[in-house]
Amino acid sequence: MAAASLLEGLEETLTVQKLGIRHTLCRSLSNTNIMENCFSQAAQRTRRVKRWTEPKMILRWTAAALLWAERNFRRIKGCEQLKDLEKVLRKLEATSTLKAA
């Protein structure tokens, strides 16, 4: 079971490490805890909704639940390194655009 879990996230983990992100931010982004927490809070908020009648209502309830969950978010460990990550991603985007052209 543990081996299957490791293999499942191996590519994403290696991708984050290849970008050269420092350890703290890399550790935060290499797992799914952030998204799982967000979705579990939204699910908790919408658990009692009985009638999901139309797409607009579903979007409205989901958006309201995510905004409610946002109040409980904490800062990502290593958030000060996000600017470094942005620079790396922009460089990668520029090089991939040049290769495609």
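The values are calculated or read from the model by the stated rules, or taken from the named source; none is laboratory data. This structure is a prediction, so every number in the text was calculated from the model and none was measured. A quick note on method: Cβ atoms are made from the backbone with ideal geometry, for glycine too, and the neighbour counts reach across all protein chains shown. The area values use the complete protein model at the heavy-atom level, side chains included, leaving out ligands, DNA and RNA. Shrake-Rupley method; radii C 1.70, N 1.55, O 1.52, S 1.80 Å.
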Handout entry: Shape category assigned to the range 21-101 from the gyration tensor of Cα positions, a/c cut at 1.5
Key = oblate
Exercise for the section: Find how much the distance from LEU92 to TRP68 grows on full extension, using 0.36 nm per residue of separation minus their present alpha carbon separation; answer in nm with one decimal. Expected result: 5.2 nm
Fill in the blank from the handout: Rounded to a whole %, the carbon-and-sulfur portion of the accessible area of the range 14-101 at a 1.4 Å probe is 56
Completion exercise
Expected vector for the range 69-86, Karplus 3J(HN,Hα) from phi with 6.51, -1.76, 1.60 and θ = phi - 60°, integer Hz, x for Gly and Pro, equals 5, 4, 4, 9, 5, 10, 5, 5, 5, x, 4, 5, 8, 5, 5, 5, 4, 4
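Using DSSP to call loops (not H, G, I, E or B), can you name the chymotrypsin sites (Phe, Trp or Tyr not before Pro) in the range 28-101 whose Cβ has at most 16 other Cβ atoms within 10 angstrom? Present the calculation step by step, with values, prior to reporting the outcome.
Values: sites: PHE39, TRP52, TRP61, TRP68, PHE73; in loops: TRP52, PHE73.
Sparse-neighbourhood loop chymotrypsin sites (Phe, Trp or Tyr not before Pro): TRP52, PHE73.
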